[in-house]
Every structure is written in C-alpha cells, then in structure tokens.
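Below is one structure; the comments refer to it alone.
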Amino acid sequence: MEGVVDEIIVVDSFSTDNTKAICEQYGALVVEKEFLDYSSSKNHGNSLAKHDYILSIDADEALSDELKQSISNLKTKSTEELVDAYVLNRLTNYCGKWIYHCGWYPDKKPRLFRKNKAKWVGTIHEELVIESKEALELDGHLHHYSITSIEDHVNRINKYSGLSARDFYEKGKRSSTLHILVKPKVKFLKCYFLKLGILDGYYGYVISKLSAYETFLRYSKLKFLNDKKS
C-alpha cells in the first residue's frame, strides 16, 4: 500500500491471533472494537480517518498493480477534478482459480470515497451508500481471496444462510415447501447457464451447486422460524 495511502486503519474485533502485532509492524493504527455488524465496524474505522478520502478494503482483499497505479494517479489531481466516489472491480479467487462468471464478475464496488459523502448500511451484506451517487470506475482489479477450500465455502454457507433467514424472518417474509423445492433449482440454472458459470469449468459448477445449496438452506431455515412461530 506504500505510495497509495497516507495512513492505514485496521478495525480488529479482539482477534486472538497475531493480527494486531502484524498490522502494527507495518505501521497501521489498530483499533479494537466489539463486533456488532460489518457496517458498524467500517463506519467506526471511517470516523477515525484523518484525510478526506477513504479506501475501504477487507482483510481478504488486495489491490492489483494496475489498480494501485489508478489510485496513485488520482493523488496528482486537484480537489475540483475529483468526484465523491470511485468504483473498484472486484475479482474473486476461488480455491486458487479466478472466477469470471457465475454472477461473481464483474463485481463493481464503490470502495474509494469522500469521507463525509458516504456511509455503510446493512447488517449482513453491507452496502456503501453515497449521497450524491457520483462515481467513476477505476482501471484494475480489487483481488478478492475469498474462499480457499470447498469446506470453507460450505461453512460460510451455513453461517450466512442462517443470518439471511433471520433477516427475512424479521422482515415478515415467509417460506414454503414450494420455495424450498423450486428456488434452489432456479438458482443453479441462473448461476451455471444464465450467468455462464459453465465457462469457469469445474469450480464454476461447484459454485453454482453450492449457491443452490445456500438457497435451499436459507428457505429451509426460514420455514423453520415461520413454523416455530405458528
């Protein structure tokens, strides 16, 4: 990140590994905060930034060389030439393979933004809301080293399907046996054929099948919550 950013802030939720020591070794300011949700943690980190623009990336993300150059070029511009937000195109690495389909790419995320013009919202899949909606896309990729094994993917699916089911339940949504039977099949067809997961080879098939499985679990867990309330 040298030459790209002027300060690094890491929000750590009292990790028990060497995260804090490693980050401080590279000059980062490490702030410990109890984890409530992703938006809360990110907004807290944003509030501590000293500069007008914030580059927000997660622990499993890294800038490609081209993206580093794109961001460095912005630092040569005057304030009047800059816009409120810049969109980065995230490219996910799945079990060692870059995924260009399955609905995973292109994955455009506003991640470089003016501090007082944006805020993170949402508890599960957080989203950056920009006041002016003014954004430009930068060249290069935000490399996302998300999932290192199929077992890791399955564990995440179990976690996030439960969170999604709870979120749906609290919003008054309902699930039925028909949902559980049909929606996973639709999800697979969409990922594998409509979103061209078939072009990503073996892992494209795995991602599509597990995406269908996540849908199955979400609506099954939601039905359990619905039935429990009845």
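The values are calculated or read from the model by the stated rules, or taken from the named source; none is laboratory data. Bear in mind that the values here come from a model prediction, so they are computed numbers and not experimental data. Neighbour counts are summed over all protein chains in view; Cβ atoms, including those assigned to glycine, are modelled from backbone coordinates with ideal geometry.
Listed by first and then second residue, the pairs with beta-carbon distance under 9 Å, at least 6 apart or on different chains, first residue in region 98-117 and free of Cβ contacts under 8 Å to residues at least 60 places away in the same chain and more than 30 Å from THR79 (Cβ to Cβ), second outside any loop (DSSP other than H, G, I, E, B) and among the hydroxyl-bearing types (Ser, Thr, Tyr), are TRP98/THR92; TYR105/THR92. In the set (1) over 28 Å from PHE35 (Cβ atoms); (2) modelled with pLDDT under 95, the condition left unmet by HIS179 is number (2). Among the criteria (1) exposed (fewer than 12 other Cβ atoms within 10 Å of the Cβ); (2) of a type in the set (D, E, K, R); (3) touching a Gly at 6+ places or on another chain (Cβ under 9 Å), the one LYS195 does not fulfil is (1). Within region 21-33, residues that are without any contact (Cβ under 8 Å) to a residue 60 or more places away in the chain reach partners that are loosely packed, with under 15 Cβ neighbours inside 10 Å and not in a loop (DSSP other than H, G, I, E, B) with beta carbons closer than 9 Å, at six or more positions or on different chains, in the pairs ALA28/ILE22; LEU29/LEU48; VAL30/ALA21; VAL30/GLU24; VAL31/LEU48. Residues that are under 14 Å from ASP84 (Cβ atoms) and part of a strand (DSSP E or B) within region 120-136 comprise LEU128, VAL129, ILE130, ALA135, LEU136, listed in sequence order.
There is no residue in region 123-141 that is basic (Lys, Arg), over 16 Å from ILE71 (Cα atoms) and surrounded by 14 or more Cβ atoms within 10 Å (Cβ to Cβ). When region 104-119 is limited to residues that are within 12 Å of the chain's Cα centre (by Cα) and surrounded by 16 or more Cβ atoms within 10 Å (Cβ to Cβ), the one that is farthest from TYR86 (Cα to Cα) turns out to be TRP104.
Against the test of being under 13 Å from the mean Cα position of the chain (by Cα) and surrounded by 13 or more Cβ atoms within 10 Å (Cβ to Cβ), the options ILE147, ILE157 yield a single qualifying residue, ILE147.
Among the residues of region 195-230, the ones that are closer than 11 Å to ALA165 by Cβ and modelled with pLDDT under 95 come to 0 in all. Evaluated against (1) within 24 Å of GLY45 (Cβ to Cβ); (2) hydrophobic (A, V, I, L, M, F, W, C); (3) not assigned by TED's automatic domain parsing to the domain that holds ILE71, VAL206 falls short on exactly one condition, (1). Tallying residues that are in contact with a helix residue (DSSP H, G or I) (Cβ under 8 Å, 6 or more places away or on another chain), on the phi > 0 side of the Ramachandran plot and surrounded by fewer than 20 Cβ atoms within 10 Å (Cβ to Cβ) within region 78-102 yields 1.
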